[in-house]
Amino acid sequence: MVKLLKGQAIEDLEQKISQRLRKLNETVGEELGFGKPPFRNALESVAFMSGLKPAIAFRIPYDRVRFLEIKEFCNRNNLFARHTAEKFVINSNTDYTKFLPLGSEKKGEIYVCISSEKERAEAAAKSFAKDVVVFGRAMGYPECCLEFGGSLSNNVGNAEKERGDFVWSRARNRSYRNSEKFSQLLNVFSGFSLIPHVPCHLDCAESKKYAKKMLALIRKHDSALAKDLLLYLKIPSLFWNYCDYILFDGTEEKGALHYSDLKLYADSPKFFSLAPDYKASTRAKEVYGFLKKGNNLKDSRLSLEVFQNSRKTGTILKEKEFEFFLANPQKRKIKF
Ligand SMILES: [Zn+2]
């Protein structure tokens, strides 16, 4: 059997990484005198506290008390916290964001933006899901990647949404299709990523520079974690969006991805719980069922073929080009 993880289950590796990241976040917070950081994304938090990233942003349910706790942490640390002037509901995994007044009775979330520079925190909170370029610049993303935006590019329904035949708002999809080479450091198709943004392409020099600094930071504190992350970033992903994908323990041989284990993530309805969209997750589950019947696959623009050794067990036709695609960071060159 073809194994990348050498007997380790994908889930075990993820859990190990999550635990070590949580610990790293707290250790760095303590060491740098911040105290226990209230930020959920440990990688971004470490980057922010260490000065690699000038601002940090995250979403929380709109709750005055919760925000005040964060604000207190910021006051203690000479940081500025600003939140969006409206609540929002992420309507779907195509990133359409609907805004609601803060006083609305409907449930919603706010985005909290924090920086040691007041103007930066304000610019980020004002531009969130309204202007990806201003928001990305405030977050310190590379200039070349700004148009790719964060995940919440909010362009559905906008005249700009179609560029050529692909949807503007599906940033990772665009990034993949904009690429000729794939640097493992810029893998943004699974659960952990060294960079906080979607790169303009998967070999972007500025993004790689950031990823290397991030990796060095991690290595300095926890070299085993850095090693595990590098292993994780080699895992191939059959990708719909950042909530719906399938990961494989396997490697490529003679044009096919041979796998000994696979894990399904179909989390859109959970992630977008305020307005769930079941389409991609249902499709991912269906494709997962096919993949379980085989041990290798071939992916192309419009179809996915599944084989058990050399016997074909099924062909899945894609609804449109790149409805989903195999992002394999073990392959340096991207061909489609
Ligand atoms: Zn770039």
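Of all residues in the range 110-130, those that are surrounded by 15 or more Cβ atoms within 10 Å (Cβ to Cβ), outside any helix (DSSP H, G or I) and without any contact (Cβ under 8 Å) to a residue 40 or more places away in the chain total 0.
Mind checking whether some residue in the range 83-92 is farther than 27 Å from ASN173 by Cα, among the basic types (Lys, Arg) and either crowded, with 19+ Cβ neighbours inside 10 Å or touching a helix residue (DSSP H, G or I) at 6+ places or on another chain (Cβ under 7 Å) (or both)? There is at least one residue in the range 83-92 that is farther than 27 Å from ASN173 by Cα, among the basic types (Lys, Arg) and either crowded, with 19+ Cβ neighbours inside 10 Å or touching a helix residue (DSSP H, G or I) at 6+ places or on another chain (Cβ under 7 Å) (or both). Of the residues making up the range 229-249, those that are farther than 20 Å from LYS292 by Cβ and touching a Pro at 6+ places or on another chain (Cβ under 7 Å) number 2. Taking the criterion of being touching a residue at least 24 places away in the same chain (Cβ under 8 Å) and within 13 Å of PHE192 (Cα to Cα), the residues of the range 7-17 that qualify are ILE10, GLU11, LEU13, GLU14, LYS16, ILE17. Starting from residues that are in a helix (DSSP H, G or I) and in contact (Cβ under 8 Å) with a residue 24 or more places away in the chain, keep the ones in the range 24-38 and report whichever is surrounded by the most Cβ atoms within 10 Å (Cβ to Cβ). Filtering the range 24-38 for residues that are in a helix (DSSP H, G or I) and in contact (Cβ under 8 Å) with a residue 24 or more places away in the chain, the one surrounded by the most Cβ atoms within 10 Å (Cβ to Cβ) comes out as VAL28. Just so you know, in the range 99-145 the residues that are in contact with a helix residue (DSSP H, G or I) (Cβ under 6 Å, 6 or more places away or on another chain) and among the polar types (S, T, N, Q) include one that is farthest from VAL198 (Cα to Cα), and it is SER115. Which residues, taken from the range 254-310, are within 23 Å of LYS335 (Cα to Cα) and of a type in the set (Phe, Trp, Tyr)? Of everything in the range 254-310, those that are within 23 Å of LYS335 (Cα to Cα) and of a type in the set (Phe, Trp, Tyr) turn out to be TYR259, PHE307.
Among residues of the range 313-336 that are within 16 Å of TRP240 (Cβ to Cβ), those with a beta-carbon under 6 Å from a residue that is at pLDDT 95 or above and surrounded by fewer than 17 Cβ atoms within 10 Å (Cβ to Cβ) at least six positions away or on a different chain give the pairs ILE316/PHE290; LEU317/SER303. With respect to the conditions (1) closer than 26 Å to LYS270 by Cβ; (2) within 16 Å of the ligand (Cβ to nearest atom); (3) modelled with pLDDT under 95, VAL167 lacks only one, and its number is (2).
Filter the range 300-322 down to residues that are of a type in the set (D, E, K, R) and within 17 Å of ARG170 (Cβ to Cβ) and give me whichever is modelled with the highest pLDDT. Taking the candidates together, the pick is LYS318. Residues in the range 135-164 that are more than 17 Å from the chain's Cα centre (by Cα) and either within 21 Å of LEU233 (Cα to Cα) or among the charged types (D, E, K, R) (or both) were compared, and the one that is modelled with the lowest pLDDT is ARG163.
Which of the residues that make up the range 96-142 are farther than 23 Å from ILE70 by Cα and touching a His at 6+ places or on another chain (Cβ under 7 Å)? TYR141 - this is the single residue of the range 96-142 that is farther than 23 Å from ILE70 by Cα and touching a His at 6+ places or on another chain (Cβ under 7 Å). Check whether at least one residue in the range 2-22 is of a type in the set (Val, Ile, Thr), in a loop (DSSP other than H, G, I, E, B) and out of contact with any helix residue (DSSP H, G or I) (no Cβ under 6 Å at 6 or more places or on another chain), and report yes or no. Among the residues of the range 2-22, at least one is of a type in the set (Val, Ile, Thr), in a loop (DSSP other than H, G, I, E, B) and out of contact with any helix residue (DSSP H, G or I) (no Cβ under 6 Å at 6 or more places or on another chain), which makes the answer yes.
Residue by residue through the range 40-69, note down the ones that are of a type in the set (Val, Ile, Thr), crowded, with 17+ Cβ neighbours inside 10 Å and more than 17 Å from ARG120 (Cα to Cα). If the condition is that a residue be of a type in the set (Val, Ile, Thr), crowded, with 17+ Cβ neighbours inside 10 Å and more than 17 Å from ARG120 (Cα to Cα), then VAL46 is the only one that fits.
If I filter the range 134-141 for residues that are within 16 Å of the ligand (Cβ to nearest atom), touching a Pro at 6+ places or on another chain (Cβ under 9 Å) and part of a loop (DSSP other than H, G, I, E, B), do I get at least one hit? Looking for residues that are within 16 Å of the ligand (Cβ to nearest atom), touching a Pro at 6+ places or on another chain (Cβ under 9 Å) and part of a loop (DSSP other than H, G, I, E, B), one finds at least one in the range 134-141, hence yes. Here is the figure for the range 208-220: residues that are within 14 Å of the ligand (Cβ to nearest atom) and over 16 Å from TYR232 (Cα atoms) total 3. Tell me, which residue of the range 187-207 that is more than 17 Å from MET139 (Cβ to Cβ) and of a type in the set (A, V, I, L, M) is nearest to the ligand (Cβ to nearest atom)? Looking at residues that are more than 17 Å from MET139 (Cβ to Cβ) and of a type in the set (A, V, I, L, M), I get ALA205.
The values are calculated or read from the model by the stated rules, or taken from the named source; none is laboratory data. Since we're looking at a predicted model, the values are computed, not measured. No Cβ is skipped: glycine too gets one built from the backbone with ideal geometry, and neighbour counts run over all protein chains shown.
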